[in-house]
Amino acid sequence: MYAIVDIAGQQFKVVKNQKLYVHRLEGEAGSEVSFDKVLLIDDGGKVTVGTPVVEQAAVSARVVEHVKGDKVLVFKKKRRKGYRKLNGHRQYFTQIEITGIDTNAPKKAEVKAAPKAAPKAAEEKAPAAKAAAPKKEAAAKKPAAPKKEAAPKKEAAPKKPAAAKKPAAKATTGAKSTAAKPAAKPAAKSTTAAKKPAAKKSTEGDKSAE
């Protein structure tokens, strides 16, 4: 006959008079402990599977001693960073001996709330709600304070018209530049015309002299 039981978050297959190590349990050496989270029981080929646990089943055991496991080294390193760290750890264990597997263990008494507690709480809340109701009615009867009239808004002053641009300056400058250019050309023509007749007279005088 064997059973699969959950002990301190781990599942173990146990038989009678078996010794095993589990996570540290409360209780001194020599004390009796019981585990009721039995997941499966095999009694001579008759298998009973729990949903999720088997009802009225328990595994009893005796605490033998509390020990520490072997040391485990935890080494951390980051390459090219110069980071190295070495830690050690030893897990605490408890050695137990299975004394029996019971399929008809008594159920634990369930603690139920008294039915009279709820009505009392409701009665206490009812007077408090009634006392709060008149206060709300008194607050509703108070006349609302008159609202203050909003002050009239000041009228914005009219904006001044923008000053008109003066196009006269550009027109005068354009007229002066156009008038100056035609006056310069006739002066050049007059000087060239004056020089040509003088040259002709000199040649005629030379011929008469001969």
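Using only Cα coordinates, the Kirkwood hydrodynamic radius of segment 2-102 works out to 15.7 Å.
How much net charge surrounds residue 60 when only the other residues with a Cβ under 11 Å from the Cβ of residue 60 are counted, with Lys and Arg +1 and Asp and Glu -1? Please list the in-between numbers first.
Working: positive: 16, 62; negative: 32, 36, 97, 102.
Once positives and negatives cancel, what remains is -2.
Placing +1 on each Lys and Arg Cβ and -1 on each Asp and Glu Cβ, with no other charges, gives segment 2-102 a dipole about its Cα centre of roughly 1760 debye.
Once R0 is set to 41 Å, what does the formula 1/(1 + (r/R0)^6) return for the Cβ-Cβ distance between residue 84 and residue 104, expressed as a FRET efficiency to the nearest 0.05?
On the way: r = 59 Å, r/R0 = 1.43.
Computed FRET efficiency for residue 84 and residue 104: 0.10.
Ranked by the mean number of other Cβ atoms within 10 Å per residue, highest first, peptides 17-24, 71-78 order as 17-24, 71-78. Label positions at residue 92 and residue 32, each projected 7 Å from the Cα along the C-beta direction, are separated by 2.5 nm.
What is segment 1-81's relative contact order, in percent, from Cα pairs under 8 angstrom and six or more apart in sequence?
RCO, segment 1-81: 29 percent.
Which links in 37/71; 19/46; 13/68 stretch past 26 Å when you go from one Cα to the other?
Working: 37/71 31 Å; 19/46 24 Å; 13/68 22 Å.
Going by Cα-Cα distance, 37/71 fall outside the 26 Å limit.
Work out how much length residue 70 to residue 21 would gain on full extension: take 0.36 nm times their residue separation and subtract the Cα-Cα distance, in nm to one decimal. Working shown, then result.
On the way: separation 49, 0.36 × 49 = 17.64 nm, distance 1.28 nm.
Once the chain is fully extended between residue 70 and residue 21, it gains 16.4 nm.
Any read-out appearing in this document is the output of simple, stated calculations on the displayed coordinates, not a laboratory observation. For clarity, every value in this text was computed on a predicted model and none was experimentally measured. Cβ: placed from backbone, ideal geometry, glycine included. Neighbour counts: every protein chain shown.
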